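Asker: First the structure, then my questions, so here it is.
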Amino acid sequence: MMENLLHVLQVMGHTLRIPASFVVIEFIGTMAFAISGIRLASAKHFDWFGAYIVGMATAIGGGTLRDIMLGVPPFWMTNSIYVICCGLALLWVILFGKKLIRQKNTWFIFDTIGLALFNIIGLEKTLNMGYPLWMAVIMGCVTGAAGGILRDILTKEIPLIFRKDIYAMACIAGGVIYIIGYTGGLPAEVNAILSAIIVISTRLLAVKYHWHLPVLKGEDESEK
């Protein structure tokens, strides 16, 4: 059974153009992002179908945009496991929704985990396709942040990436660390762990110490 599982991971890794071990990272990231989207939709009193759509958009939105930009078929269109994974996330929120909604920090935790893991997937896939290092950093950021933008738009929130929150910049920081390790010959799995630690710790520290980028202040046309 274990051999069959490894074979499946290897096949999926070849299809997705990432190492087999990174397929597990992608599944965890998909669940984390889907839960963050569905949890926010439930707080907005969406029905089950609406919440599922928000969860799907959050989980696959960034990777879809990345694949379109890289000129390959969107990853989820060749394997139904991602649709099923989002369904399991919906079931999780249905069963444990009251506890998740009461704990306001759960949305932040799942969103941060998804951000870190999807950033890694975007980086590795872009590098494996032969694109330049700087493009890998950009695609990692797109993979991690774009799904959150779609989630916030669908739930009528101002996207985090456009606010003062350290969001996309955390992806860039993790991407730079990943590229340094990649050029230095670090194993992909070790590199992934280091990058994820940077993204997660950057977001946690930014919230704790109120770090944020400068706000661009312009004249409001409505006040003229």
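The values are calculated or read from the model by the stated rules, or taken from the named source; none is laboratory data. The structure presented is a predicted model; accordingly, all values stated were derived computationally and were not measured. FYI the Cβ positions are ideal-geometry reconstructions off the backbone, even for glycines, and counts take in every protein chain you see.
Asker: Determine whether residue 38 is under 13 Å from residue 93 (Cβ atoms), in a helix (DSSP H, G or I), at pLDDT 90 or above and not small (Gly, Ala, Ser).
Answerer: yes
Asker: Same structure, new question: State whether one or more residues within region 48-64 are part of a helix (DSSP H, G or I), touching a helix residue (DSSP H, G or I) at 6+ places or on another chain (Cβ under 8 Å) and modelled with pLDDT under 90.
Answerer: Among the residues of region 48-64, not one is part of a helix (DSSP H, G or I), touching a helix residue (DSSP H, G or I) at 6+ places or on another chain (Cβ under 8 Å) and modelled with pLDDT under 90, which makes the answer no.
Asker: Run residue 153 past the list (1) touching a residue at least 12 places away in the same chain (Cβ under 8 Å); (2) more than 12 Å from residue 115 (Cα to Cα); (3) part of a helix (DSSP H, G or I) and report the number of the one that doesn't hold.
Answerer: (1)
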